[in-house]
Amino acid sequence: MKRLIGREKEIESLEAYVDSGQAEFIAIYGRRRVGKTFLINQLFRNRLAFSLTGIIDGTPSEQMESFVQALEFNGYKINEHPKNWLTAFAELRKFLQPKINSGEPCIVFIDEISCFDSQRSGFVRALGFFWNSWASARTDILLVCCSSATSWIINKVFNNHGGLYGRVNRRIHLHPFTLRECEEFYENRKIAMNHYDQVMSYMVFGGVPYYLSMLESTKSLAQNIDELLFHPDGQLHREYENLYQ
């Protein structure tokens, strides 16, 4: 069974933010495959009031449609399709209002947030307005945003000179596993690996959880590397092109 490995500091921080008694705007960033989405979904498994994921390389209309579908999946019916992100966030506010009145912390999760920020989309301005005009005044709202595009989140969120200026009050940079966490991961997955092979594995996969999850316990490290990276049909054979296209 999958479970959270390591991340003790991040988990402690996130749980403290839930109980802080104030509005929290949390940005989690780090390279792709490092486990940002998994961390939030596992930690807040049954506590997310709303969850939205950006579509990699999606068109503006597709991103808006994903927002509408996320609301409808949670039982909220939109009478008219939003024409822009200001209207979309107004609908999100209506959807969240009953949940806030329940007295429980309201956790909103926007994953791969940079995908929504296409040219002239107005997404960042609308997000800033949603936060400044309503959410920031609450004592029970947690807005958690994740991005694999580190440069985007630094330039558009942390260093924003508009409505989001200084609004992100919590930052979490999620790093790959340490060697100790890799060892714990192997033990949890019942992958027998001596310390030498663990170091070799770290040199190849860099402690990235997504890559480690592909290792098969019935094969040696050399066999795993050969099949994952060098076989034409290997799952990681074109990983570089997929990540940096």
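The values are calculated or read from the model by the stated rules, or taken from the named source; none is laboratory data. All figures in this text were calculated on a predicted structure; none of them were measured in a lab. Backbone-built Cβ (ideal geometry, glycine too); neighbour counts: all protein chains shown. Remember, those area values only see protein heavy atoms, side chains included, never the ligands or the DNA or RNA. Shrake-Rupley method; radii C 1.70, N 1.55, O 1.52, S 1.80 Å.
So, with +1 on the Cβ of K and R and -1 on the Cβ of D and E, and no other charges, what is the size of the charge dipole of the chain about its Cα centre, to the nearest 20 debye? So the magnitude is around 700 debye. Rounded to the nearest 500, the 222 nm mean residue ellipticity of the chain from helices alone is -11500 deg cm²/dmol, with -39,500 (n - 2.57) taken per DSSP H run of at least 4 residues. According to the Kirkwood expression over distinct Cα-Cα pairs, how big is the hydrodynamic radius of the range 1-107, in Å? It works out to 15.9 Å.
Which distance in Å, rounded to a whole number, links the C-alpha centroids of the range 87-130 and the range 39-84? If we compute the Cα centre of each part, the gap is 9 Å.
Using all pairs of distinct alpha-carbon atoms, the Kirkwood hydrodynamic radius of the chain works out to 19.7 angstrom. Apply the a/c threshold of 1.5 to the C-alpha gyration tensor of the range 90-235 and tell me whether it is rounded, prolate or oblate. In terms of gyration-tensor shape, prolate.
Among the chymotrypsin sites (Phe, Trp or Tyr not before Pro) within the range 112-217, those in coil by DSSP and having at most 14 neighbouring Cβ atoms inside 10 Å are 165.
In whole percent, how big is the carbon plus sulfur part of the accessible area of the chain, probe 1.4 Å, protein atoms only? Ligands and nucleic acids excluded, carbon and sulfur reach 50 percent.
P(r) for the range 181-244, from all Cα pairs and a bin width of 10 Å, is 21, 58, 20, 1 %, short bins first. Mean sequence separation of contacting Cα pairs (under 8 Å, at least six apart), scaled by the length of the chain, corresponds to a relative contact order of 27 percent. Coordinate range of the alpha-carbon atoms in the range 16-78 per principal axis, descending: 36, 31, 20 Å.
With each label modelled as a point 7 angstrom along the Cα→C-beta vector, the residue 165-residue 179 pair spans 4.7 nm. Rolling a 1.4 Å probe over the heavy atoms of the protein chains gives the chain an accessible area of 54 Å² per residue. Of the residues 197, 233, 117, the one that moves most in a GNM of the chain with alpha-carbon contacts below 10 Å is 233. Take the chain and mark each of the GluC sites (Glu not before Pro) that is in a DSSP loop with at most 13 other Cβ atoms within 10 Å; the longest unmarked stretch, sites excluded, is 81-215. Extension gain for residue 223 to residue 189 (0.36 nm times residue separation, less C-alpha to C-alpha distance): 10.5 nm. For the chain, leaving out every one of the trypsin sites (Lys or Arg not before Pro) that falls in a DSSP loop and has at most 10 other Cβ atoms within 10 Å, the longest unbroken run is 121-189.
For the residue pairs 36/156; 9/83; 36/99; 83/156; 9/77; 94/156, the alpha carbons lie more than 31 Å apart in 9/83; 9/77.
Kirkwood hydrodynamic radius of the range 50-147, from the reciprocal of the average inverse Cα-Cα distance over all distinct pairs: 13.7 Å. Determine which lysines satisfy two conditions relative to residue 190: a Cα distance under 23 Å, and not lying fewer than 8 residues away in the same chain. Cross-link targets: 2, 219.
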